[in-house]
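Notes follow once the structure below has been shown.
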Amino acid sequence: MAARVERGTLQVGSGVLSAVSDRDFARFQRLINDEAGIWLAPVKKALLVGRLARRLRELGLDSYGGYFDLVVANEAERIRMLDAICTNETHFFREPRHFEFLCDRVLPAWREEAEAGRRPRRLRVWSAACSTGEEPYTIAMTLLSALQGWDLQILATDLSTKVLARAEAAVWPLEKSREIPDPYLKAYMLKGYGGQEGLMKAGPEIRGLVRFSRLNLTHDNPGLGQFDLVFCRNVLIYFDKETKGKVVDRLLDRLLPHGYLFLGHAESLGGFTNRAKALLPTVYALAPAAKPDR
């Protein structure tokens, strides 16, 4: 039974949930690819069912076709559907080599340049798929420890409104503290007590550096500006080749001439662009002839 949208309220029926048909799966494939650049191969039908079945039951819908009609008609439900489909696994200090590269090579060089008057004491960073916030707050801890007195700005974006809300709240289970080196943990994280026992929260110093916004990497985002560091890790693997090439170009357009792009451990720019050169596996800088549009 199809749902209707009346005055912003979902009006639905009820019934036994049927299996997703090949036709309806193909319609979701196209919609998710158009909206998010994510291509669900036919073997991902079970994933689609697993991610959406609970929502259909909550709405009392008995068919995936009915739910498809709803998400096409209702933008809020379409965003909720994309939230359910997106994978949001992340950790603090994920891929430690990236942060070793920053601390050992990049940030000391930038400090020297600032002391010599060759660059401002200002840094803009984009965490382009921030998930539940572990990545941007890891970046905040790293930068704040190394660049005292600098103007530090971190833009954290994601397609999923659900994970953005969790990231902005900056609260995690206390077991996550095992992922954070002890000096950072003591300096920047708050341990919950009483009703917050078993939780930890990012302290105000690092929360103040991060701004969150919903953003779709497959769309043009004019006005975003340019960044010294761009982190887009473990995202490209979900795109088809054409979409991946377009997203890579958009990321490089946002990179300042002296900046660095960080990808996930299973990702590479090989075969997608000649605008960037690899400094380390998954760490890139603009090639000498490649200058981003201002």
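Overview of values
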{"quantity": "Calculated log₁₀ intensity ratio I(q)/I(0) where the Debye formula runs over C-alpha points of the chain, q = 0.08, 0.10, 0.11 Å⁻¹", "calculated": "-0.41, -0.62, -0.74"}
{"quantity": "Centroid-to-centroid separation of the range 86-111 and the range 140-218 [C-alpha atoms, Å]", "calculated": "14 Å"}
{"quantity": "Residue-wise HN-Hα coupling along the range 179-194, computed from phi with Karplus coefficients 6.51, -1.76, 1.60 (Hz; x: Gly, Pro)", "calculated": "7, 9, x, 4, x, 5, 4, 5, 7, 10, 10, 10, 8, x, 10, x"}
{"quantity": "Heavy-atom accessible surface of the chain: percent carbon and sulfur, 1.4 Å", "calculated": "50 percent"}
{"quantity": "In sequence order, calculated HN-Hα J values of the range 151-164 (Karplus, 6.51, -1.76, 1.60; Hz; x Gly/Pro)", "calculated": "7, 10, 10, 10, 9, 10, 10, 7, 6, 8, 5, 5, 6, 4"}
{"quantity": "Listed residue (189, 32, 255) projecting farthest to the positive dipole end of the chain, Cβ model", "calculated": "255"}
{"quantity": "Unsatisfied cross-links (Cα-Cα over 31 Å) in the set 45/246; 186/244; 162/191; 176/246; 44/246; 162/246", "calculated": "186/244; 176/246"}
{"quantity": "Gyration tensor (alpha-carbon) shape descriptor, the range 135-188, a/c threshold 1.5", "calculated": "oblate"}
{"quantity": "In degrees, nearest ten, helix 22-36 long axis to first principal axis of the chain (Cα)", "calculated": "30 degrees"}
{"quantity": "Solvent exposure of the range 115-159 as accessible area per residue, Å², 1.4 Å probe", "calculated": "32 Å²"}
{"quantity": "Exposed-loop-free span, longest in the chain, where GluC sites (Glu not before Pro) count as exposed if DSSP calls them loop and at most 15 other C-beta atoms lie within 10 Å", "calculated": "90-196"}
{"quantity": "Cα shape, the range 119-211, gyration tensor, a/c 1.5 rule", "calculated": "oblate"}
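The values are calculated or read from the model by the stated rules, or taken from the named source; none is laboratory data. All values reported here derive from a predicted model rather than from experimental measurement. Cβ coordinates were reconstructed from backbone atoms using ideal geometry, including for glycine residues, and neighbour counts include every protein chain displayed. Surface areas here come from the heavy atoms of the whole protein model, side chains and all, with no ligands, DNA or RNA. Shrake-Rupley method; radii C 1.70, N 1.55, O 1.52, S 1.80 Å.
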